[in-house]
Amino acid sequence: MNASPEITRDLLAQAVDQSHDGITIADARKKDFPLIYVNAGFERLSGYPAAELLGKSCRFLQGADTEQPDIAILREALHQGRNCIVTLRNYRKGGALFWNELSISALRNEQGELTHFIGIQKDVTERTLTEQHLRQSHLDLLNRQYDRQAHTDPLVGLSNRQHFDEQLDHMLKTAQRTHSLLSVLVIDLDQFGRFNARYGRPAGDTCLRMVGECIAKSFSRASDCVARYENDEFAVVSMGDSPGGLQLHVSKLRNQIRALNIPHHDSPDGVVTICIGCTSLIPLRDTTAPGLLKLADSALQQAKQRGYDYEHIV
Ligand SMILES: Cc1cc2nc3c(=O)[nH]c(=O)nc-3n(C[C@H](O)[C@H](O)[C@H](O)COP(=O)(O)O)c2cc1C
């Protein structure tokens, strides 16, 4: 024993009994390793008085919750007479769950025969729940990031085509149910191919981001959805604007894009401009999302036929 002379057996016994953690001793030579000693800490932890614990295997603390991976690890270690540390779900007298970090030490006599197991039980409920909570929060965060990425166009940071199509379907159904005005816009940069050819791809990407941001600021209600639909084409779905209001809104957007003052020397005004095709209607029962996009797209073609920086609403 490594102890100074003033350590008596009584003091040691008292230290074990008064320890805050549970301390138990089981007979390793008997079937099921029955308990032959439990300290006050284990009585407190388990809620059972010593009289109800002695002579029994601790297995009953697991209740019906016996399909725990750590129980198999513990069983194997006990079978082989090895030390181990496991964390188990246990149930106090009365049924309350607690997480029990159990450390098992195998005790051998001078002949090397296994005689006892010592168990030290620590209540790690708070720590385990905090870890589970952190893990769950981290998973939720990853899922949210994944969802956002799956919905977002990586270049301009707006919704992508798939998310737009889902939102359009959803808003179309709402507008059909509530008889609301629904507007779908298709927006295209004038002569963007030439812009890219003259200024290069990185400048083209920056231009798309600036235009996208400006459109998103213009349609910023929570129910609006602004997407990069393909290449230099943006799409918007918005609900509830009046036809007059929409006309103003769309003209204002064209002016705001022009006011970005992005140089474009192949354009008559010398700056980047857009054309907008828009359909605005209270959808009927047989109105479909592809039908709305087709209407907005042919409105865009009509705007483009007039030249640069036009809108056409049907
Ligand atoms: C000294 C000692 C203390 C133990 N303490 C606990 C305990 O606090 N909680 C628990 O669920 N199992 C405890 N066990 C393990 C069970 O008593 C049992 O050995 C385990 O569930 C594997 O056996 P089984 O396959 O018969 O269930 C302890 C075992 C020993 C030897």
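Determine by what factor the alpha-carbon radius of gyration of the range 1-46 differs from 2.2 N^0.38 Å, reporting the quotient.
Details: Rg = 12.9 Å, N = 46, 2.2 N^0.38 = 9.4 Å.
Normalised Cα radius of gyration, the range 1-46: 1.37.
Rounded to the nearest 20 debye, what is the charge dipole size of the chain about its Cα centre when +1 sits on each Lys and Arg Cβ and -1 on each Asp and Glu Cβ?
300 debye
Per the Cauchy relation, a quarter of the hull surface: what is the mean projected area of the convex hull of the alpha carbons in the range 154-218, in nm²? Don't skip to the answer; put the middle values down first.
On the way: hull surface 21.1 nm².
Dividing the Cα hull surface by four gives the mean projection, 5.3 nm².
Measure nothing fancy, just the Cα-based angle from helix 289-306's long axis to the longest principal axis of the chain, in degrees from 0 to 90, nearest 10.
40 degrees
What percent of all Cα-Cα pairs in the range 152-313 falls in each 5 Å bin, counting up from 0?
P(r) for the range 152-313, in whole percents per bin: 2, 10, 19, 23, 21, 14, 7, 3, 1, 0.
Roughly how far apart, in whole Å, are the Cα centres of the range 172-224 and the range 123-159?
Between the Cα centres of the range 172-224 and the range 123-159 lies a distance of 29 Å.
Across the chain, what fraction of all alpha-carbon pairs, as a whole percent, falls in each successive 10 Å bin from zero upward?
Calculated over all Cα pairs of the chain, the distribution is 5, 19, 18, 9, 6, 8, 12, 13, 8, 2, 0 percent.
What is the spin-label model distance, in nm, from residue 287 to residue 155 if the labels are put 7 Å beyond Cα along the C-beta direction?
The modelled label-to-label distance comes out at 3.0 nm.
What do you get for Rg/Rh over the range 218-314 if you use C-alpha atoms and the Kirkwood form of Rh? Can you show the working numbers first?
Values: Rg = 14.0 Å, Rh = 14.4 Å.
Ratio of gyration radius to Kirkwood radius for the range 218-314: 0.97.
In nm², what is the average projected area of the convex hull enclosing the Cα atoms of the range 259-314? Each step should come with its number before you reach the end.
Details: hull surface 18.6 nm².
Orientation-averaged projected area of the Cα hull: 4.6 nm².
In nm, to one decimal, how far is the modelled label at residue 85 from the one at residue 169, with both set 7 Å along Cα→Cβ?
So the two model labels end up 5.1 nm from each other.
How big is the antiparallel share of DSSP beta bridges in the chain, given as a percent to the nearest 5? Don't jump to the answer; show the numbers that get you there.
On the way: 48 of 52 bridges.
Just about 90 percent of them are antiparallel.
Farthest toward the dipole's positive end in the chain, which of 226, 181, 146, given Cβ charges of +1 (Lys, Arg) and -1 (Asp, Glu) about the Cα centre?
With unit charges placed on the Cβ atoms, the residue in question is 181.
List every residue whose amide H lies under 5 Å from the amide H of residue 124, counting only residues 5 or more places away in sequence or on a different chain, with H placed 1.01 Å from N in the peptide plane.
Sorted by chain and number, the residues that satisfy this are 99, 100, 101.
Pick out which of 40, 64, 235 has the largest mean-square fluctuation in a Gaussian network model of the chain, springs linking Cα atoms closer than 10 Å.
64
Can you tell me the length gained on complete extension of the stretch residue 31 to residue 142, counting 0.36 nm per residue apart and subtracting the Cα distance? Before the final figure, lay out each step's value.
On the way: separation 111, 0.36 × 111 = 39.96 nm, distance 4.82 nm.
This chain segment gains 35.1 nm when fully extended.
Separation between the residue 115 and residue 7 pseudo-spin-labels, each 7 Å from Cα along Cα→Cβ, expressed in nm?
1.9 nm
Which whole-number percent is the relative contact order of the range 152-313 (Cα, under 8 Å, 6+ apart)? Please list the in-between numbers first.
Details: 278 pairs, mean separation 50.1, N = 162.
RCO, the range 152-313: 31 percent.
Considering the dipole of the range 1-64 built from charges on the beta carbon (Lys and Arg +1, Asp and Glu -1) around the Cα centre, which of 16, 51, 34 is farthest to its positive end?
The residue sitting most towards the positive pole is 34.
Between residue 214 and residue 135, how high is the FRET efficiency from 1/(1 + (r/R0)^6) when r is the Cβ-Cβ distance and R₀ = 51 Å? Nearest 0.05. Walk me through the numbers on the way to the answer.
Numbers: r = 41 Å, r/R0 = 0.80.
Efficiency, rounded to the nearest 0.05: 0.80.
Measure nothing but the geometry: give the 0 to 90° angle between the long axis through the Cα atoms of 161-178 and the longest principal axis through the Cα atoms of the chain, rounded to 10°.
80 degrees
What percent do you get for the relative contact order of the chain when only Cα pairs under 8 Å and 6+ apart count? Could the numbers behind the result be given before it?
Working: 506 pairs, mean separation 40.8, N = 314.
Relative contact order here is 13 percent.
How large is the Kirkwood hydrodynamic radius of the range 9-129, counting all unique pairs of alpha carbons, in Å? Could the numbers behind the result be given before it?
Numbers: mean 1/r = 0.0680 Å⁻¹.
Mean inverse Cα-Cα distance, inverted, gives 14.7 Å.
To the nearest 20 Debye, how big is the dipole of the range 152-313 about its Cα centre, given +1 on the beta carbon of each Lys and Arg and -1 on that of each Asp and Glu?
Working: 17 positive and 19 negative charges, 41 e Å.
Using only the charged Cβ atoms, the result is roughly 200 debye.
Once Lys and Arg get +1 and Asp and Glu get -1 on their Cβ, which of 168, 90, 112 lies farthest toward the positive end of the dipole of the chain?
Farthest towards the positive pole: 168.
Can you tell me which of 153, 65, 269 moves the most in a GNM of the chain? Springs connect C-alpha atoms under 10 Å apart.
65
Considering the convex hull of the alpha carbon atoms of the range 35-98, report its projected area averaged over all viewing directions, in nm², one decimal. All intermediate terms of the calculation are to be shown ahead of the outcome.
On the way: hull surface 18.4 nm².
Quarter of the Cα hull surface area: 4.6 nm².
Could you derive backbone 3J(HN,Hα) for the range 251-264 from the dihedral phi with the Karplus parameters 6.51, -1.76 and 1.60 (θ = phi - 60°), listing whole Hz in sequence and x where the residue is Gly or Pro?
Using θ = phi - 60°, the values come out as 5, 4, 4, 4, 5, 5, 5, 4, 5, 5, 6, 7, x, 8 Hz.
Each value in this text was obtained by applying a stated rule to the coordinates, not by laboratory testing. All values derive from a computational prediction rather than experimental measurement. Here the Cβ is made from the backbone with ideal geometry for all residues, glycine too, and neighbour counts use every protein chain on show.
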